[in-house]
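Coordinate-derived values only; no laboratory data. Quantities reported herein were computed from a predicted structural model and do not represent experimental measurements. Heads up, the Cβs are rebuilt from the backbone with ideal geometry, glycines too, and the neighbour counts pull from every protein chain shown.
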Amino acid sequence: MNDAELLSVLNGMGIDAQSSSAVAMLPMVKVAWAGGAIHMEAIAVIHRVASTRGMLYGDGFALMKNWLSSQPSDDFFRRGFSVLREVMERAVVAGDAPSDLYKFCEAVARVSSKRYRNFGLMGSIERRVLSMLRDLLTVAHVEDVSDLLEEVDQFEMVVPRSSSRPRRLIRPRIEVTGFPEKSQPLSSSPVFVGRRGGNAIQFPVDSWVSRQHCRFFNKNGRWYIADCGSVHGTWVDDEKIIERQLFGGERIRVGMFTMKFSMPCAA
């Protein structure tokens with residue numbers, strides 16, 4: 001993949017270039033969710049690694065909160081691992097690759113495994129995921145990645161920005177499909193979505209929509225959606241989120257209704 005393709009995949013996951021280093025945490029997240037539920041001990045290990053190694057920048061911590069609150073889909077992991085492998089291959093060619101990533105995954109697997117907590121034995125599910133991750137982390141012709149990679153704190157995943165001139169954004173819109181049809185422009189003020197009156201986008205007939213379900217807002221020139229503590233959750237491209245950056249084209253589901261975030265650009 002070239003730089004533009006990498007950035008396109010990241011944007012589709014709600015990640016920009018500034019927070020792209022969070023992708024390095026996905027193998028640990030995958031292991032933590034291996035048994036279908038996540039344990040507080042695993043969350044603690046992941047947070048400790050992220051904090052002490054300086055692996056999260058920009059919206060990285062918000063991304064981690066999403067991934068540790070709701071299990072990402074297999075397709076989400078697939079896309080993230082494709083980016084991670086590409087960047088690791090580049091790092092190996094440049095002679096600057098991350099270390100200890102597999103070791104950290106093992107640490108997460110140990111605290112995630114019920115068998116390990118009770119008997120000191122790794123569970124079969126965790127072993128299976130670790131085996132898959134070892135294959136993933138086998139970069140190019142290198143067979144023993146854990147011995148090759150030197151320092152995690154030297155690992156900085158940066159996807160170069162396009163050299164083209166930034167485009168001027170026209171006011172984005174929320175297109176509501178189904179009933180009622182609605183097109184809601186966004187501005188500097190937050191736009192709330194919910195069941196009760198007073199929300200800019202209102203779904204009064206859907207009991208699966210909370211009274212104040214989610215909101216769209218602008219932060220430092222970037223557009224975001226955040227769940228407002230809804231009962232049934234806010235979903236962006238079939239991933240349950242707490243807060244996520246939007247780039248344009250995302251499909252947001254609340255209750256039975258679907259919305260599309262449209263952000264046309266002018267040259």
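Quick notes
- Sorting Thr234, Thr52 by the number of Cβ atoms found within 10 Å of their own Cβ, with the fewest placed first, yields Thr52, Thr234.
- Ranked for footprinting exposure by Cβ neighbours inside 10 Å, fewest first, Met263, Met13, Met28, Met256 give Met256, Met263, Met13, Met28.
- Applying 1/(1 + (r/R0)^6) with r as the Cβ-Cβ distance of Thr52 and Asn2 and R0 = 45 angstrom yields a FRET efficiency of 0.85.
- Gain in span if fully extended, Asp75 to Ser189, counting 0.36 nm per residue against the direct Cα distance: 37.7 nm
- Amide H contacts of Cys214 (H built 1.01 Å from N, in plane; Pro and chain starts excluded): Val193, Cys228 sit under 5 Å, all sequence-distant by 5 or more or on other chains.
- Net +/- balance of residues flanking Asp206 in space, Cβ distance below 13 Å, scoring K and R +1, D and E -1: +4
- Rounded to whole Hz, the Karplus (6.51, -1.76, 1.60) HN-Hα couplings of segment 11-17, x for glycine and proline: 4, x, 9, x, 10, 9, 4
- Radius 14 Å from Cβ of Ser183, net charge of other residues (Lys, Arg +1; Asp, Glu -1): +2
- Residue exposure proxy: Glu181, Glu5, ordered by other Cβ atoms within 10 angstrom of their Cβ from fewest to most, comes out as Glu181, Glu5.
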